[in-house]
């Protein structure tokens, strides 16, 4: 009985603590200096990265963590309005943490909207989702990451996807790129059913999706959910290279498990594939799953179908042939099954792409599935799982090589902030895709320093055509180099387009590439380039290319290169490169060295 009386007395003393006493206690505990308060306020270097005044309770809360903490305690303890839009209900993560740290209860509120969301979400686990690069979209070549809050339901399609993105209706690509780089858009968090995100990335944009189940426990998941609620309708400036979609997922995960330091893995830029690796290195990943895109599935069907069956599948998808006709054919049952399945996938693909009206799609799709059902259960389509993004080389690169040129033999030193080029190992990357910027190489020869090249931006999307797909392939490059006679520096912009045949391991390409050159011997011309890329086993890759450029005011120029690379691991590779050019005079260059990725 005395113990029970003591507990009741202690409880009454906590409930009746004044706001001044709670603030004094928080100061004594130095709560405003703790890591978790910094996480809750998204504060780095004593300034919050949240740019919305609605996120702060104190007028100077963005810059003064102590003032923000004091104001938070004041509102939680003194405010009588505890309805849905009150600060008491809007900040459940802050409230739960302060109640634990101060050993106090701020009482109950009527937070019906929050309680309803938690009940509907049924948060149990969290999954990191990585849609890979989008073919022919430079802005999406880094991929994307978001989080999925999993419920106790077996199917994950109705789970909630937590996404962060810039809010804009901008259609001008240059304006979008400029504002995206320099923070011209507000970024917002959003919650959508997972099936809608899959429809967007896997189906509409033909992007393979990787899922990484995280080993967060239920309490950690709830900590994340409470903070997600605090961020609804709250904005911050969006920056393409650092404070982007992936970066904000790091904040949410550190809120859930503050012992991890995901953001410490990054300095000047945050690239989606690198965030996947950071989750791995912090021991957060439990299991991994691969969801192939519709394009990947259709390419897999192509490998299983004969040429005749491919044509039948296309005829079925176009509606020029009836599904019942397939049932009476004499080809093998597995060919008939795969033909109908591929046709159904094609019809759905065309509908998503806006090529078919809904009524036509619904009727044709139903007929194909009905015919397929009459053939009974068949073999599961074999889809080779692609290399995991966390096995790719790191984004930033430092290179050291020795060059042997006709006139000099420089030591070549280079650095590239990001990301991947066509000569590099494609493990974990989209084959045929290239995006790199500010690739700089300097040469040192007899104590003389020279700029060898400075690539401002280089992009490429070389995607092989197939029976089902005829993608547009292109590449561009803009920057300074010494490829044009007498070893002089020139500024060159080249944009090309063409066709590619083959597959991810071996493909050949033919491109037409107009060129504008400034600086030494300025000129314009049009080039034609053909090349082949071969990915060997053991992460080796060989690329050979030859081109001829016809100039307006100079001799034509023939240029050929052969490069070979061996990727030892995600941090190191060895490479060699031989190139020759012939315009007014013949020139040969050979180089070999090592790349270090970080």
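Below, the figures for the structure above:
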{"quantity": "Alpha-carbon radius of gyration plus Dmax, which is the widest Cα pair, for the range 119-291 in Å", "calculated": "15.4, 44"}
{"quantity": "Sorted by Cβ neighbour density within 10 Å, fewest at the top, the residues 70, 421", "calculated": "421, 70"}
{"quantity": "Within the chain, helix-based [θ] at 222 nm, where runs of 4 or more DSSP H residues each add -39,500 (n - 2.57), nearest 500", "calculated": "-9500 deg cm²/dmol"}
{"quantity": "Fully extended contour minus Cα-Cα distance, from residue 487 to residue 516, at 0.36 nm per residue", "calculated": "8.7 nm"}
{"quantity": "Neighbour-count order for 439, 406, fewest beta carbons within 10 angstrom listed first", "calculated": "406, 439"}
{"quantity": "Percent RCO, i.e. relative contact order, over the range 337-427, from Cα pairs under 8 Å lying at least 6 residues apart", "calculated": "22 percent"}
{"quantity": "Cα gyration tensor shape of the chain, rounded if a/c is under 1.5, else prolate or oblate by comparing a/b with b/c", "calculated": "oblate"}
{"quantity": "Spacing of the two label points (7 Å from each Cα toward its C-beta) at residue 152 and residue 330, in nm", "calculated": "5.9 nm"}
{"quantity": "Semi-axis lengths (Å, descending) of the ellipsoid that matches the C-alpha gyration tensor of the range 202-357", "calculated": "45, 17, 14"}
{"quantity": "Where Rh is the Kirkwood radius over Cα pairs, Rg/Rh for the range 2-107", "calculated": "1.01"}
{"quantity": "Unit Cα scatterers, Debye sum, the range 162-227: log10 I(q)/I(0) for q = 0.14, 0.29 Å⁻¹", "calculated": "-0.67, -1.16"}
{"quantity": "Angle between the chain longest axis and helix 307-318 axis [Cα atoms, degrees, rounded to 10]", "calculated": "50 degrees"}
{"quantity": "Cα principal axis extents for the range 354-399, largest first, Å", "calculated": "57, 31, 12"}
{"quantity": "Anisotropy class of the range 294-373 from Cα gyration tensor, a/c 1.5 cut", "calculated": "oblate"}
{"quantity": "Backbone N under 19 Å from the residue 219 label point (7 Å along Cα→Cβ), restricted to the range 253-293", "calculated": "253-261, 284"}
{"quantity": "Label-point separation, residue 501 to residue 586 (7 Å along Cα→Cβ), nm", "calculated": "3.2 nm"}
{"quantity": "Extension gain from residue 370 to residue 52, taking 0.36 nm per residue of separation minus the Cα-Cα distance", "calculated": "109.1 nm"}
{"quantity": "Rounded tilt (10° steps) of 294-304 against the dominant C-alpha axis of the chain", "calculated": "50 degrees"}
{"quantity": "Cα gyration tensor category, rounded, prolate or oblate, for the range 345-468 with a/c compared to 1.5", "calculated": "prolate"}
{"quantity": "The range 392-597: mean projected area of Cα convex hull, nm²", "calculated": "10.6 nm²"}
{"quantity": "Alpha-carbon centroids, the range 482-551 and the range 154-223: separation in whole Å", "calculated": "35 Å"}
{"quantity": "FRET E, pair residue 385, residue 44, Förster distance 30 Å, beta-carbon r, rounded to 0.05", "calculated": "0.20"}
{"quantity": "Computed FRET value (nearest 0.05) for residue 112 with residue 552, which takes r as the C-beta separation and R₀ as 56 Å", "calculated": "0.20"}
{"quantity": "Residue order, fewest to most surrounding Cβ atoms within 10 angstrom, among 318, 106, 146", "calculated": "318, 106, 146"}
{"quantity": "Angle between the chain longest axis and helix 65-78 axis [Cα atoms, degrees, rounded to 10]", "calculated": "50 degrees"}
{"quantity": "Relative contact order %, the chain, counting alpha carbon pairs below 8 Å whose residues are six or more apart", "calculated": "8 percent"}
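Here, each number is a calculation from the coordinates, and none is a lab measurement. Computed from a prediction, not measured in an experiment: that's the story for all the values here. All Cβ positions, glycine included, derive from the backbone under ideal geometry; neighbour counts span all protein chains shown.
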